[in-house]
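Engineer: Below you will find the structure I want to go over with you.
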Amino acid sequence: MVSLRRTAFRLFLITTTVLGSAAFTAGPANAGGCYGSSCNGRNPQGLCSADARTAKSVTTPYGVLVELRYSPSCRAAWGRILNAYTNDVVVVDSTDGRSYTATVRFGKDAFTLMVNDIDPLQAHACGGATSPDFRCTDWY
């Protein structure tokens, strides 16, 4: 009888361990973040910046770097401007019509909110001061 209880208890422990670990490992890589359209208008910091990379970039005549940042796990993009001047802007545009703008208020950089970048949608970033300094990345 004791042997039967021990066997049943061991089986219970094995089952709970296997099912419990499956519950903790399942789910998207960006758990707690966003994905595609649920990223629209959200701040990339803390959500999608961990695996972000620069998909496209362009430099203005005054040395301001405009980047289109992309997160593969979130499938979202945003614009970032570096080495910029106060009141320079960065804009991210999506082929679905969404657009977000950020302005350098202090320091030398700024970034926009995110747009969905799941195919067939594409995005690009534009930035700088006013024309002729304003430049845009290629679409991605």
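Every read-out reported here was derived from the displayed coordinates using simple, explicitly stated rules and does not represent laboratory data. From a predicted model like this one, the values you see are computed outputs, not experimental measurements. Note that we place each Cβ from the backbone using ideal geometry, even for glycine, and neighbour counts take in every protein chain shown.
Engineer: Compute the convex hull volume of the Cα atoms of region 36-136, divide it by the residue count, and report the result per residue in Å³ as a whole number. Each step should come with its number before you reach the end.
Structural biologist: Values: hull volume 8.7 nm³, N = 101.
Taking the convex hull of the Cα positions in region 36-136, it is 86 Å³ per residue.
Engineer: Order of 130-137, 49-56 by packing, highest average Cβ count within 10 Å first?
Structural biologist: Details: 130-137: 14.0, 49-56: 15.6.
The most tightly packed comes first, giving 49-56, 130-137.
Engineer: What does a probe at residue 51 reach in region 123-140, counting residues whose amide N is under 20 Å from the point 7 Å along Cα→Cβ?
Structural biologist: 123, 140
Engineer: Follow-up question, since we're still on this one. Let's see if you can work this out: charge +1 on each Lys and Arg Cβ, -1 on each Asp and Glu Cβ, no other charges. What is the dipole magnitude of region 36-136 about its Cα centre, in debye to the nearest 20? Don't skip to the end; give the middle numbers.
Structural biologist: On the way: 10 positive and 9 negative charges, 33 e Å.
It comes to approximately 160 debye.
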